[in-house]
Amino acid sequence: MKTGFTLSLSRMLATAAMAVSAFSAQAACLDNVVLVHGNTASPSSWNNTVSTLKSRGYTDSQLYRPNWGSKTCAACNSHDTTNTNVVKSSLQSALAASCTGKIDVIGHSMGVTLAMKAINELGYSGKVNTFVGVAGAQHGLNSCGVYPYNVVSSTCGSAGLSIDSPLIKSVKGKRYGAKMYSIKSWIDEVVCVGSCYVWGAHTSNIDSQNATYDYALGHFGLQTGTTSKQADLLMN
């Protein structure tokens, strides 16, 4: 009798463990996240964001960090086919492995507009649940000038961030996810050179955004110092 009781108890415990395991697996099903770094940056620039997301239940396998562009020549980088394809590949991989059928995207600086271009070309606007632009320049940079009278560099050219460039025109007025948010600063030392305003709007604002959040932080502090807000926006 004691042996039978012990066997039954073992089976009950095993069943309970399986149920807990199944629940945990279900609870861990979150949108895969693509983190697109900025000009001359590297995937490691997202380390703070990755740490915060992992503390919220994400795993490394759910976080994708494309590595694009020159790390030594900021003026050489643009939204060209080579850089766009790197981001597109990460978006495709993240979606293919997604347990939800959706992905989330966070971009910083030039990574915002590069992610926008990649989403446009893939036709992924309906596949993205949340898009977060951190210190981006959807409306262009005053420091690049107005196209075609722009500063002569790849970053400010036709595939770059000069105001009204073909690239800028191509990313305005479109959807990049079911929910779109911007995180910005009025003391951003990169996007606000000359002025934060482009045609009456802060250039980091995203057309038709659900909300925008202002911080008294610099360009790079916006990426590393707002990770709790970034995570909140993905999980709300």
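Where in the chain are the DSSP H helices whose C-alpha atoms run 30 Å or more along the long axis and whose mean Kyte hydropathy is at least 0.0?
Membrane-span-like by this criterion, though nothing is claimed about a membrane: 2-27.
Among all the lysines, which ones have a C-alpha under 29 Å from Lys54's C-alpha, if same-chain residues fewer than 8 places away are not counted?
Straight-distance partners of Lys54: Lys71, Lys88, Lys102, Lys117, Lys127, Lys179, Lys184, Lys229.
Please report the antiparallel percentage of the DSSP beta bridges confined to the chain, to the nearest 5.
Roughly 15 percent of the DSSP beta bridges within the chain come out antiparallel.
Arranged by the count of other C-beta atoms within 10 angstrom, fewest first, what order do Met180, Met110 take?
Met180, Met110
Using the Cα atoms of the chain, I'd like the radius of gyration and the largest Cα-Cα distance, Dmax, both in angstrom.
Rg, Dmax (Cα atoms, Å): 21.1, 91.
What do you get for Rg/Rh of the stretch 88-214 when both radii come from the Cα atoms and Rh is the Kirkwood radius?
0.98
In what order do Trp199, Trp68 fall by count of nearby beta-carbon atoms within 10 Å, going from fewest to most?
Trp199, Trp68
Just want the ordering: Cys99, Cys144, from fewest to most Cβ atoms lying within 10 Å of their own Cβ.
Cys99, Cys144
Return the calculated 222 nm mean residue ellipticity for the chain, to the nearest 500 deg cm²/dmol, obtained by summing -39500 (n - 2.57) across DSSP H runs with n ≥ 4 and dividing by the residue count.
-11000 deg cm²/dmol
Suppose each label sits 7 Å from its Cα in the direction of the beta carbon; what would the Thr72-Ser195 distance come out to in nanometres?
3.8 nm
Readers should treat all values here as calculations from the given coordinates under stated rules, not as data from a laboratory. The structure presented is a predicted model; accordingly, all values stated were derived computationally and were not measured. Counting neighbours? That spans all protein chains shown, and the Cβs are built from the backbone with ideal geometry, glycine included.
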